Amino acid sequence: MRFSPSALDRKLIRDLKGMLGQGITISLVVAAGISGFLTLRATYSSLLESRDQYYEEYRFGDVFAQLDRAPESVAERMESVPGVALVHTRVAESARILMEGPAQSPQALILSLPPGGDAPLNQVLLREGRWPGAGESDEALLLDTFAERWEVAAGDTLGVVMNGALRSVRITGLATSPEFIYPMPPGGALIPDDERFAVLWMDRRGMAPIFRMEGAFNDVVVRMNPGALEREVLAGIDGVLEPYGGRGAVGRDLQPSNFILDGELEQLRQFSTVVPIIFLGVAAFLLNMVLSRLLHLQRTQVAALKALGYHDSEVGLHYLKMTLGVVIAGSVLGVVLGWYLGRAMTLFYGNFFGFPILEFRMGWRAPLAGILIAGGAGVIGAFTALRKILALSPAEAMSPEPPARYRPTLPERMGLGRLVGPMGRMVLRELGRRPLRTGLSALGIALAIAIVVVGRFSEDAMNYLMEEQFYRAWRENVTVAFAGPTPERAIREIAALPGVAHAEGMRVTSVRMYAGHRWRDVPLQGYPDEARLRQLLDADGRLRPFPDEGVVITEKLGEVLGIAPGDSVRVTLREGRPGEATLRITGTVDEMLGMQGHMRMSELNALLAEGPVVSQALVQIDPRDVDALEARLMEWPGVLDVASRDALVERFREQSAEMLTVMTLILTLFASVIAAGVVYNNARVAVSMRERDLASLRVLGFSRREISTVLLGEMGVQVLIAIPPGLWIGHRLCVWIAGTVDPERYRLPVVLSAETYGFAVSVILVAATASALLVRRKLDRLDLIGVLKTRE
Amino acid sequence: MPEPVLTTRGVTRIYEMGEIQVQALRGVDFELMESEFLVLVGASGSGKSTLMNILGGLDRPTDGTVHFRDQELTRASDRELTEYRRNHVGFIFQFYNLMPSLTARENVSLVTEITRDPMPADEALALVGLEHRLDHFPSQLSGGEQQRVAVARAIAKRPELLLCDEPTGALDYRSGVVVLEVIERVNRELGTATAVITHNAPISAMASRVVTLHDGAIDEERHNEARAPASEIRW
């Protein structure tokens, strides 16, 4: 039997064809809403899944500890700590790699490998090449990110200074491990560093003699039993290691690379929760608005169907199908697009993180939720309109609507009517006659503007953060890190070097700060009395003074630990005089980057029971002299690292901003589609509603241009009144997102750039202009006689 | 003795039109008999269309009763009114009210698909002389042809009553006559009780009975001794 749709279904198919332009744009709005939702959700869940698999497969540890030195037999005692399942001891030493190039000798962490490379925990993933030979003291695996940055290949030989002696080390292969997804230099660095930090894995029997660590270890990785309490295990391990110079065990959450990764994923999670909801919500609202207007135009057809004896339910089903046709087309496109973009984004981030395993999964729940939300909104919109029409008796619905009640608008009543002429008055009265409709149209356009703003928010925030942090708060352009406490004299020597405009010292030490059972490892930064280079800036860009006494902490740190100015906190010191001390919190500062404490250098020196020593030098120097300074300083004994600010900014941009750029691009694209969809549909519906009035004007002798003015004038006014609230709503949404997306590592300041506002307005203006042109074409083809002869 | 198909008693209807109230009907008592050809005349605003809409179950009176045979339409639910229109009433409107996206045949199918014992759509269209324009869309048909499609749509369900509201109002003379001929033929051949509203007085010559409405009430009622065929009507 041939498939033969009912007459009503044929009407449906033809009607859908007839409103193809509108159908497509509405579908695109749905598609943009759904795919924005799916892309972010699926990317987040896939990355989480990939990370978990990576961690599981490469047996990433649960607890990590460093110590001075302990005999291998201590391992057994750690294994007997309740909750400990497995203990893997290692030798970890720092070294320096001599690379060719302008004054570069990156730090390296050398980690021991068990024979054959098969570590029971924190397993090493060999990406290429082979494992170092058993007992070899001049073969090593090199961290892949570093190798890539420096273009080192398996088979190359590097000069490595180990324990004060230069050795030639042959790189047998490139590798990574779950603990170095982000290469974090030891010592509480804020930003991962693939350029100045390397990891070398060497065979333990070959490596131990170099550092005189035969039969001993100074680094431990622990796996806990399922269900074990981390706090108890940490305490147990600390108890065992204390006599051996244990520096305090940390759980996985504070393992440096994982800490950063968690922060990034958390940010993605929060973004993928908040932003898609905004997108989907906006798409749903617009769908609702557009469909209800579209159906209003079908008023007489609904009445005729009812007159012919169709039940409300049958008419309802008919329009339900019409709505679903549009929604389903959009949903399918949205799911396909979401799948495709989600996969691309997962691959992008997965490669960025260096996950060896990448699983892209979208599941069925997220697509279903997206479709239900968008579809539900469409159906509700269609039915609110339909209910009104169905509630009318067919006779009423078929008769022309009662003459609209126009009245002079406020500007006219104020006597300004004469200024705008009859056309202008028509525009004003039409807008004023239906303030709700005008308001809703403007709100729709405003929301579209708002999401364009949201799409670009994170990039603005990141740019502002970098500008404030790296150029306003830090005014030095070179930072010199000393290997240990260094007499202040070194600062004066640096200040005398060629090109140096100003140099000052800083004392930085890492402490563990406690508040109840909560704690964080934070750097304490001590500034000289006349510090000129560093400034304390809060998120609003206001300058804050350094404390005269006590410690000013990052506001976020206060929040995490639950401490406020006036409180005293307990800290464990790692340098100078190891032990505990109490610090008084005298203030907080709403800093955007990191969590730290600020105090006077003299007070910090006293706390550490040391003389006037510094651990860093901040240098202001002519940018042209930076390379020469680096070359010279790297030859100084006791200088650990020389870092230029520009290089740091560059790395930060790569690490954090690159992630955001892709997201910004996708969000902006979707937002623009939604914006264009709304403006176009608004205009099209307006044409259909006013076709008759406009045709009458033409008959009366008005030109095409003049009647276009009436309609396009209305559109233009709607767009214009939508712009300020749109930008305002965008700003509020960003404030909301910033409040929700709150990693410990940085705070997103809501500082939107003029470019973003300009861009959002431009997107809308372009969409409006394109819609206006299409509408104009439609007006030019207005069938004067036809329109006037029939009522519709 | 023919039975009344429709009976109204004391029907009033008040409209809220924008800011003003309009009393469209003021206590109309009226009957439409089986197989009758009735013409309702009256000036514009006399309440013809309102009465027609109430008879057809498209609208409800503010007061009074309407019976379709034994069924009291004024007490019927929306659902029952819909069933009434679906199964018993054929409508013809001044502006045709065809679905622009459906062809002639499909516009008729729209009705035949939902009624109990319809005639095939092609047959209904042949009856109005449109057998050669089955697959044309309304936009490809002249006004007269569109109205004939509307007639075919109305009669395809073999209704018991045919209600025509200004069927020739939007048509030129020639097309108007053709449409009237079709309506006349349906009344004669199918025995459908037919009520035609018009303000075009010569059309009343076709009727067996002419009712004149004035300001919402029946003003005059007369029976035509001899009915003039549609082809002889001139205006």
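The values are calculated or read from the model by the stated rules, or taken from the named source; none is laboratory data. On a predicted model such as this, the values are computed, not experimentally measured, just so you know. Note: ideal-geometry Cβ built from the backbone for every residue, glycine included; neighbour counts use all protein chains shown.
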Task: segment A:6-23 residues that are more than 7 Å from every other protein chain (Cβ to nearest Cβ), paired with ones that are charged (D, E, K, R) and assigned to a helix (DSSP H, G or I) (beta carbon under 9 Å, 6 or more apart) - done: A:9/A:321; A:12/A:321; A:19/A:684; A:21/A:684; A:22/A:684; A:23/A:17
- [ ] Kindly indicate the residue of segment A:737-762 that is at pLDDT below 85 and outside any loop (DSSP other than H, G, I, E, B) and also farthest from residue A:467 (Cα to Cα) among those meeting that condition.
- [x] A:740
Open item on the list: Going through A:23, A:36 one at a time, which residue ends up being crowded, with 22+ Cβ neighbours inside 10 Å and closer than 20 Å to residue A:376 by Cα?
Closed with: A:36
Task: Criterion violated by residue A:217 - all others in (1) over 23 Å from residue A:69 (Cα atoms); (2) crowded, with 22+ Cβ neighbours inside 10 Å satisfied - done: (1)
Task: Subset of segment B:53-81 [facing chain A (nearest Cβ under 9 Å) and within 30 Å of residue B:144 (Cβ to Cβ)] - done: B:53, B:54, B:56, B:57, B:58, B:59
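Just for segment A:383-399: of the residues that are outside any helix (DSSP H, G or I) and among the hydroxyl-bearing types (Ser, Thr, Tyr), which one is surrounded by the most Cβ atoms within 10 Å (Cβ to Cβ)?
To start, the set of residues in segment A:383-399 that are outside any helix (DSSP H, G or I) comprises A:392-393, A:399.
With among the hydroxyl-bearing types (Ser, Thr, Tyr) added as a condition, the list becomes A:393, A:399.
On the way: A:393: 20, A:399: 18.
For segment A:383-399, the residue satisfying everything is A:393.
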Task: Positions within segment A:493-525 being under 21 Å from residue A:603 (Cα atoms) and among the aromatic types (Phe, Trp, Tyr), in sequence order - done: A:514
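Please go through segment B:130-157 and give me each residue that is among the charged types (D, E, K, R), assigned to a helix (DSSP H, G or I) and in contact with a strand residue (DSSP E or B) (Cβ under 9 Å, 6 or more places away or on another chain), ordered by number.
Narrowing segment B:130-157 to residues among the charged types (D, E, K, R): B:131, B:133, B:135, B:145, B:148, B:153, B:157.
When the remaining residues are screened for being assigned to a helix (DSSP H, G or I), the result is B:145, B:148, B:153.
Across segment B:130-157, the qualifying residue is only B:153.
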Task: Hits in segment A:455-474 (condition: touching a helix residue (DSSP H, G or I) at 6+ places or on another chain (Cβ under 9 Å) and either modelled with pLDDT of 85 or more or aromatic (Phe, Trp, Tyr) (or both)) - done: A:457, A:460, A:470, A:471, A:474
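I'd like the full set of residues that are at positive phi and under 37 Å from the mean Cα position of the chain (by Cα), limited to segment A:70-121. Can you show your working first?
Restricting attention to segment A:70-121, the residues satisfying the condition of being at positive phi are A:83, A:101, A:103, A:116-117.
Result: A:83, A:101, A:103, A:117.
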- [ ] Might you check whether a residue that is more than 14 Å from every other protein chain (Cβ to nearest Cβ), of a type in the set (A, V, I, L, M) and part of a helix (DSSP H, G or I) occurs anywhere in segment A:313-324?
- [x] yes
TODO: Being surrounded by fewer than 16 Cβ atoms within 10 Å (Cβ to Cβ) and at pLDDT below 90 is the filter; apply it to segment B:24-47 and report the residue that is farthest from residue B:227 (Cα to Cα).
DONE: B:45
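Looking only at residues that are in a loop (DSSP other than H, G, I, E, B) and under 16 Å from residue B:89 (Cβ atoms) in segment B:99-118, which one is farthest from the other protein chains (Cβ to nearest Cβ)? Working first, answer last.
Start the filter on segment B:99-118 by keeping residues that are in a loop (DSSP other than H, G, I, E, B), which leaves B:99-103, B:113-118.
Subset that is under 16 Å from residue B:89 (Cβ atoms): B:114-118.
Working: B:114: 6, B:115: 7, B:116: 11, B:117: 14, B:118: 11 Å.
Among those residues, the one meeting the criterion is B:117.
Yes or no: residue B:19 within 8 Å of chain A (Cβ to nearest Cβ), of a type in the set (Asp, Glu) and surrounded by 15 or more Cβ atoms within 10 Å (Cβ to Cβ)?
Numbers: within 8 Å of chain A (Cβ to nearest Cβ): yes; of a type in the set (Asp, Glu): yes; surrounded by 15 or more Cβ atoms within 10 Å (Cβ to Cβ): no.
Answer is no for this residue.
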- [ ] Identify the single condition in (1) assigned to a strand (DSSP E or B); (2) farther than 24 Å from residue A:258 by Cα; (3) in contact with a helix residue (DSSP H, G or I) (Cβ under 8 Å, 6 or more places away or on another chain) that residue A:174 does not satisfy, given that it satisfies every other one.
- [x] (2)
Open item on the list: If I filter segment A:353-374 for residues that are assigned by TED's automatic domain parsing to the domain that holds residue A:294, buried (at least 17 other Cβ atoms within 10 Å of the Cβ), modelled with pLDDT of 70 or more and in contact with a strand residue (DSSP E or B) (Cβ under 9 Å, 6 or more places away or on another chain), do I get at least one hit?
Closed with: yes
TODO: Quick one: count up the residues across segment A:41-87 that are surrounded by fewer than 17 Cβ atoms within 10 Å (Cβ to Cβ), part of a strand (DSSP E or B) and either not aliphatic (A, V, I, L, M) or not assigned by TED's automatic domain parsing to the domain that holds residue A:252 (or both).
DONE: 3
Open item on the list: List the residue pairs whose Cβ atoms are under 9 Å apart, where the first residue sits in segment B:215-235 and is in contact (Cβ under 8 Å) with a residue 60 or more places away in the chain, the second is of a type in the set (Ser, Thr, Tyr) and in a loop (DSSP other than H, G, I, E, B), and the two are 6 or more positions apart or on different chains.
Closed with: B:215/B:46; B:216/B:46; B:217/B:46; B:219/B:46; B:227/B:208; B:235/B:168
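Can you tell me which residue among A:560, A:571, A:589 is under 20 Å from residue A:745 (Cα atoms), touching a residue at least 24 places away in the same chain (Cβ under 8 Å) and surrounded by 20 or more Cβ atoms within 10 Å (Cβ to Cβ)?
After ruling out the rest, the residue left standing is A:589.
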TODO: Please state which one of A:251, A:245 is more than 34 Å from the chain's Cα centre (by Cα) and either assigned by TED's automatic domain parsing to the domain that holds residue A:112 or over 30 Å from residue A:594 (Cα atoms) (or both).
DONE: A:245
TODO: May I ask you to list the residues in segment A:128-186 that are among the charged types (D, E, K, R), without any contact (Cβ under 8 Å) to a residue 60 or more places away in the chain and out of contact with any Leu (no Cβ under 6 Å at 6 or more places or on another chain)?
DONE: A:130, A:148, A:149, A:151, A:156, A:167, A:170
